[in-house]
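Taking it in order: structure first as structure tokens, then the write-up.
The values are calculated or read from the model by the stated rules, or taken from the named source; none is laboratory data. In this text the structure is predicted, and so the values were computed from the model without any measurement. Cβ: placed from backbone, ideal geometry, glycine included. Neighbour counts: every protein chain shown. When the accessible area is computed, the model is the full protein with side chains, heavy atoms only, and any ligands, DNA or RNA have been set aside. Shrake-Rupley method; radii C 1.70, N 1.55, O 1.52, S 1.80 Å.
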Amino acid sequence: MKPIVKAFFDEQTNTVSYVVREPDGTACALIDSVLDFDHAAGRTDTRSADKMIAWVKAEGLRVEWILESHVHADHLSAAPYLQEHLGGKIGIGANITLVQDTFGKVFNEGTEFQRDGSQFDALFNEGDSFHIGQLRGDVLHTPGHTPACLTYVIGDAAFVGDTLFMPDFGTARCDFPGGSSEALFQSIQKILTLPHETRIFVGHDYKAPGRDDYAWETTVGEQKALNIHIGQGRPIEDFVAMRDARDATLSMPRLILPSLQVNMRAGQMPDADTDGNVYLKVPINKL
Ligand SMILES: [Fe+2]
């Protein structure tokens, strides 16, 4: 079954969010949503999420799932806001517990911050499946960018999060805590065992040099032939050397500190401080 896929692109964070719906029905899932955040002002905005909500309502859709491919480090998730307005269950990879453990320490979270993934409604493992109305979703564990990264294969469409990007841009970085270029290579091989014509929807786009427009949809066949980092059967040693060298030159994403603190809580802000206001931390010299 071929789902209908609607993409929403956020130019502020280069994130692609998706609504995946039944071809002949009203069930849908939302993948990798964005809560707008002005870091300098410490102010959130729901403009991006409101666009998605308006579209879902206009189409008369029923949200069954709000899925995260991983704990994003470059944008805040709008999952709780979307759930409040549209319903649906929030799902992420079971290895979220590793990410919560790592960043619970980085941000010196107290015991009130649970590291068991209980902030989410569903924790997925490799081989799990779920339904969006008549559509079936299958879960691939695709670590490397982070230890909890998942690929959701829904009908003939694979939502790969931050593993592969468009063929002319390559692959995701592997230098965050718990990341591994060897693991990413293996995860990508797993994605590339899907049928050639499988549609691949990527989690970000940054316009590769020479390309004027944003793009987010490709296929397994195109990735195998053309991906500048792993195409043409590139061996793992070459990929790992290239990826690690490149990652050593990258600076941290602009929103990494707020993103991690919010996204490891399934998109919820930390509890309010004693004055009733919410604060995010900036750990000094820890990342
Ligand atoms: Fe990411």
* the chain - convex hull of the alpha-carbon atoms, volume per residue in Å³ -> 129
* Structure fact -> Quick P(r) readout (region 248-287; Cα-Cα; 5 Å bins; whole %) gives 6, 19, 24, 24, 15, 7, 3, 1, 1
* Could you do me a favour and compute the accessible area per residue for the chain, 1.4 Å probe, result in Å²? => 44
* Between Lys224 and Asn125, what length in nm is gained on full extension when 0.36 nm per residue of separation is reduced by their alpha carbon distance? -> 33.1 nm
* **Under Karplus coefficients 6.51, -1.76 and 1.60, residue-wise ³J(HN,Hα) of region 243-259 in Hz, glycine/proline x** => 5, 5, 5, 5, 4, 5, 9, 8, 8, 5, x, 3, 9, 4, 5, x, 4
* Long-range HN-HN contacts of Asp36 with modeled amide H, under 5 Å -> Asp45, Arg47, Ser48, Ala49
* Compute the Rg to Rh ratio over region 171-287 from the alpha carbon atoms, using the Kirkwood formula for Rh, and round to two decimal places. => 1.06
* **Above-threshold pairs, the threshold being 20 Å between Cα atoms, out of Lys2/Lys89; Lys89/Lys190; Lys51/Lys281; Lys105/Lys281; Lys105/Lys286** => Lys2/Lys89; Lys89/Lys190; Lys51/Lys281
* Highest to lowest packing among 153-164, 250-261, 105-116, scored as the average C-beta count within 10 Å -> 153-164, 250-261, 105-116
* Relative to the Cα centre, what is the charge dipole magnitude of the chain, using +1 at the beta carbon of each Lys and Arg, -1 at the beta carbon of each Asp and Glu, and rounding to the nearest 20 debye? -> 180
* To do: Treating the Cα atoms of region 70-138 as identical point scatterers in vacuum, please give the log10 of the normalised Debye intensity I(q)/I(0) at q = 0.15, 0.24 Å⁻¹, two decimals.
  => -0.60, -1.24
* To do: Sum -39500 (n - 2.57) across every DSSP H segment of at least 4 residues in the chain, then divide by the residue count to get the 222 nm mean residue ellipticity, nearest 500.
  => -7000 deg cm²/dmol
* Asp238/Gln12 FRET efficiency (R0 35 Å; Cβ-Cβ; nearest 0.05) -> 0.55
* Rounded to whole Hz, the Karplus (6.51, -1.76, 1.60) HN-Hα couplings of region 183-196, x for glycine and proline -> 4, 5, 4, 5, 4, 5, 4, 4, 4, 6, 7, 5, x, 3
* To do: Please report how far the C-alpha centroid of region 1-47 lies from that of region 189-207, rounded to the nearest whole angstrom.
  => 18
* Using only the Cα atoms of region 172-229, build the gyration tensor, take square roots of its eigenvalues as a ≥ b ≥ c, and label the shape rounded, prolate or oblate: rounded if a/c is under 1.5, else prolate if a/b is larger than b/c, else oblate. => oblate
* Between Asn263, Gly221, Val20, whose Cα lies farthest towards the positive end of the dipole of the chain when Lys and Arg beta carbons carry +1 and Asp and Glu beta carbons carry -1, centred on the Cα centre? -> Gly221
